[in-house]
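Here is the structure we will look at.
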Amino acid sequence: MSGICGIIYFDKKPVENEIDIMIGALAHRGSDGVGIFKEAHVGLAHLMRHITYESFYEKQPIVGRSGCICIADARIDNRAELITTLNLKSPQNEGITDSELILAAYEYWGESCGEYLIGDFAIVIWNPQDQKLFLLRDHMGVRPLFYYYKQGHCLAFASEVGALLRLSFVPNELNEPKIALYLCWLSDFRMYSNETYYNHIYSLEPAHRLLITQNHLHKKFIWHFNPQKYAHLTTENDFLEAFKETFIEAVRCRIRTPFGISSHLSGGLDSSSVSVVARDILKKRNQTLHTVYMDVQHPEADEKAYAQSVVNGGGISHEWVTAKNSFEESSRWLMQANDTPDSSVVPAMNHLAIADAIANNGSRVALTGHEGDTIVGHGKSWIMEVLRQRQWQAFKIAVSSVVDIFDKKGPERELFYKQYTHEYVGYLLKEYLHQKKNRALFSLIISAYQNLNYIPSLEELNKGIKRLFFTETPQASLPLHSCLSKEKANSLYQSDLFLQQFQWPTDMHPAIKEVYAGSIIEQNESFNNVSTRKGFIYTHPFLDKRLIELCAVIPTEINFDNGALRGTIRQGLKDYLPPEIVSRKTKISFSGHQVALIRSLSPYTKHPQKDVLIDWINQQKYFHFLSKIQNEVASQEALGVLRVIYLNDWLNKN
């Protein structure tokens, strides 16, 4: 259950060898067989890799009682609930497959079926009677789905962009605003765009359904979150128990497999939580969890002692790995797999070392702690809450609790305390400036001076005056670490793509908006592309829809945990995690590793080929960044430099 593709000629042109061409591009996803439906102007294909127990009974494409034809790359998690609601029975004692559940849900609820499905999925259903194609993608975009649509003529779709580019009628044209956006590197918390790096090829956004006919395309957001369903949770213990139960279930449904199971174990709270819960579930099955730690061999990013504390708990077969392939070789492999320039903060050489270790131990499922700190949260927003309410004593205590994490004494502690109070007040000032709340702005400045002796810096005052009385120029929005040229930036800011970065669906709940981020979903797609090529599937318990919704209503004070932060995990899973992990206060940084890596690259790799990038980058800024990196630690500049290096290599291969 790892790949789908197909084509519909609405003008009734017969399908010839197009399906075979796309299957060839996706062959790595179908190690356990390929199923094809081809009839006149319709062609659908499913590439199988057995993962779950039920997948052994899977035979796709599947035809329903209504005559509709379904193919899906899916793992459905609320199976018991659906089987009961839909009154399904297993034929001849065989397992009811996920595709049967999906098609039955579609025939029961129609186009609203996505609102009742929980899991990771990319679904396509063809209705021959109405000549309609229905596409559906899971809530966090764990399973990718791309399409090309030419009104009046055809629709082609596939799990990967590369399969669409193989078709002769799909233009291979680079999307220049998308490339500019890549170099611009806006905040990670921006809207996911359906535009790809190729014109006319689009991605179906997560939590969306798409209905396509010969002359019409209609898309709808389907994630309707109702916080009231958690109204019964009132005490801190209620929330912590609910978190523990939901998290365990999120892990359990992702290891519904007879094959080997691995987990990335970095030693952080998130990957450790996933690993210990999976280990305990597997112990009851007399199975052993394989864990993998990536040693980047840099002192600032060393978490081996924490990972070892998890391994010491038993029930784990552990492996310490290091990168075997070069920076250049690894990034080129990843970019070819994704059909995009590399967007990783951690270099591809580390990603591939982990993936190779998982593949070599025979696992077909690998767990990650991906985006746990985003979904569960740190709790620092509690400080902002008391600040908004002008609870100055509570604010001072909260800031002191955070400062205590760094174990500073005397004048150094006072300096940290002052920096943090100014930082939080500055955040709220920016918020008021952005929202043009002038009265609240001046009230905060006066009150902060009276209670904290806070005085805005000249830089803050200058920026504030500009925001209050002047319209900012586009160049002011360009991140400092970006090497994008001003000319390309101006062109980007006038594009529809740029505006899309800040236009969430109007009916999206604010809590969902906080996690529905472009960077998260793009990384999900990359995880999927890497793992399917290596013979397994990455799964992400923290991206479980049920867990996301629960975490959205957990009071921030619980996460703040008297300054320890991440309290929901620390307290909710304290019976599973080793004490070394529960009491851990800091998080490692990969910035030093990035700087060291850039310093080690050859001059040729670091020097963009002029014929490719000359118009895209501010070369003076780029080489200034390189100079800083060679002479001092410059973590933010390293991010911008890496993107130039990646893009240069990717453009030269296109």
Pull up the range 43-59, narrow it to residues that are free of Cβ contacts under 8 Å to residues at least 40 places away in the same chain and of a type outside the set (Lys, Arg), then point me to the one that is nearest to PRO144 (Cα to Cα). GLY43
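Just checking, which of GLU300, GLU329 is in a helix (DSSP H, G or I), acidic (Asp, Glu) and closer than 30 Å to ASN175 by Cβ?
Working: GLU300 fails: closer than 30 Å to ASN175 by Cβ.
Checking each option against the conditions leaves just GLU329.
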What strands (runs of 3 or more DSSP E) lie completely within the range 204-281 and have 3 or more residues being under 26 Å from VAL365 (Cβ atoms)? 260-264
Checking LEU565 against (1) surrounded by 21 or more Cβ atoms within 10 Å (Cβ to Cβ); (2) in a helix (DSSP H, G or I), which single condition isn't satisfied? (2)
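Determine whether VAL582 is more than 30 Å from LYS396 (Cα to Cα), of a type in the set (A, V, I, L, M) and free of Cβ contacts under 8 Å to residues at least 60 places away in the same chain. Steps first, please.
Numbers: more than 30 Å from LYS396 (Cα to Cα): no; of a type in the set (A, V, I, L, M): yes; free of Cβ contacts under 8 Å to residues at least 60 places away in the same chain: yes.
Answer is no for this residue.
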Kindly evaluate ASP496 against the criterion of being on the phi < 0 side of the Ramachandran plot and either surrounded by fewer than 21 Cβ atoms within 10 Å (Cβ to Cβ) or assigned by TED's automatic domain parsing to the domain that holds ALA638 (or both). yes
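For (1) part of a helix (DSSP H, G or I); (2) charged (D, E, K, R), each residue gets a yes or a no:
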residue: ALA357; (1), (2): yes, no
residue: ARG364; (1), (2): no, yes
residue: THR374; (1), (2): yes, no
residue: LYS430; (1), (2): yes, yes
residue: LEU441; (1), (2): yes, no
residue: ILE445; (1), (2): yes, no
residue: ALA448; (1), (2): yes, no
Selected residue (criterion: farthest from ILE261 (Cα to Cα)) from residues of the range 1-22 that are among the small types (Gly, Ala, Ser) and assigned to a strand (DSSP E or B): GLY6
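Tell me whether the range 529-545 contains one or more residues that are free of Cβ contacts under 8 Å to residues at least 24 places away in the same chain, polar (S, T, N, Q) and under 26 Å from VAL310 (Cα atoms). Reasoning before the result, please.
Applying the first criterion (free of Cβ contacts under 8 Å to residues at least 24 places away in the same chain) to the range 529-545 yields none.
Taking every residue of the range 529-545 in turn, none turns out to be free of Cβ contacts under 8 Å to residues at least 24 places away in the same chain, polar (S, T, N, Q) and under 26 Å from VAL310 (Cα atoms).
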Close pairs from the range 64-80: first at pLDDT 95 or above, partner small (Gly, Ala, Ser) and surrounded by fewer than 24 Cβ atoms within 10 Å (Cβ to Cβ), Cβ under 7 Å, at least 6 apart: CYS70/GLY64; ALA74/GLY119; ARG75/GLY119; ILE76/GLY119; ASP77/GLY119
Selection status of THR586, hydroxyl-bearing (Ser, Thr, Tyr) and in a loop (DSSP other than H, G, I, E, B): yes
Would you please list the contacts, defined by Cβ atoms under 7 Å and residues six or more apart or on different chains, that run from a residue in the range 401-422 that is farther than 20 Å from LEU387 by Cβ to a residue that is assigned to a helix (DSSP H, G or I)? PHE406/PHE416; LYS408/PHE416; ARG413/VAL403
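Output yes when any residue across the range 199-213 is in contact (Cβ under 8 Å) with a residue 24 or more places away in the chain, of a type in the set (A, V, I, L, M), touching a Pro at 6+ places or on another chain (Cβ under 9 Å) and on the phi > 0 side of the Ramachandran plot, and no when none is. Spell out how you get there, then give the answer.
In the first step, residues of the range 199-213 are kept if they are in contact (Cβ under 8 Å) with a residue 24 or more places away in the chain; the result is 199-213.
Among the residues that remain, those that are also of a type in the set (A, V, I, L, M) are: 201, 204, 207, 210-212.
From what is left, the residues that are touching a Pro at 6+ places or on another chain (Cβ under 9 Å) are 201, 204, 207.
Still in the list and also on the phi > 0 side of the Ramachandran plot: 207.
Yes, the conditions are met somewhere in the range 199-213.
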Among the residues of the range 490-538, what is the count of those that are more than 21 Å from HIS370 (Cβ to Cβ), in contact with a Leu (Cβ under 9 Å, 6 or more places away or on another chain) and among the small types (Gly, Ala, Ser)? 1
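So, ALA156, is that one farther than 30 Å from SER491 by Cβ and either part of a helix (DSSP H, G or I) or of a type in the set (A, V, I, L, M) (or both) or not?
Numbers: farther than 30 Å from SER491 by Cβ: no; either part of a helix (DSSP H, G or I) or of a type in the set (A, V, I, L, M) (or both): yes.
So ALA156 does not fit the description; no.
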Residue count for the range 598-625, restricted to those that are crowded, with 21+ Cβ neighbours inside 10 Å and within 25 Å of ASP302 (Cα to Cα): 1
Go through the range 23-39 residue by residue and tally those that are in a helix (DSSP H, G or I) and crowded, with 19+ Cβ neighbours inside 10 Å. 3
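Of the residues in the range 354-397, how many are among the polar types (S, T, N, Q) and free of Cβ contacts under 8 Å to residues at least 40 places away in the same chain? So that I can check it myself, show each step before the final result.
Of the residues in the range 354-397, the ones among the polar types (S, T, N, Q) are 360-361, 363, 368, 374, 381, 389, 391, 393.
Next cut, free of Cβ contacts under 8 Å to residues at least 40 places away in the same chain only: 360, 389, 391, 393.
The total comes to 4.
The values are calculated or read from the model by the stated rules, or taken from the named source; none is laboratory data. It should be emphasised that the depicted structure is a prediction, and the values quoted were computed from it without experimental measurement. Please note: Cβ atoms are built from the backbone with ideal geometry, for glycine as well, and neighbour counts cover all protein chains shown.
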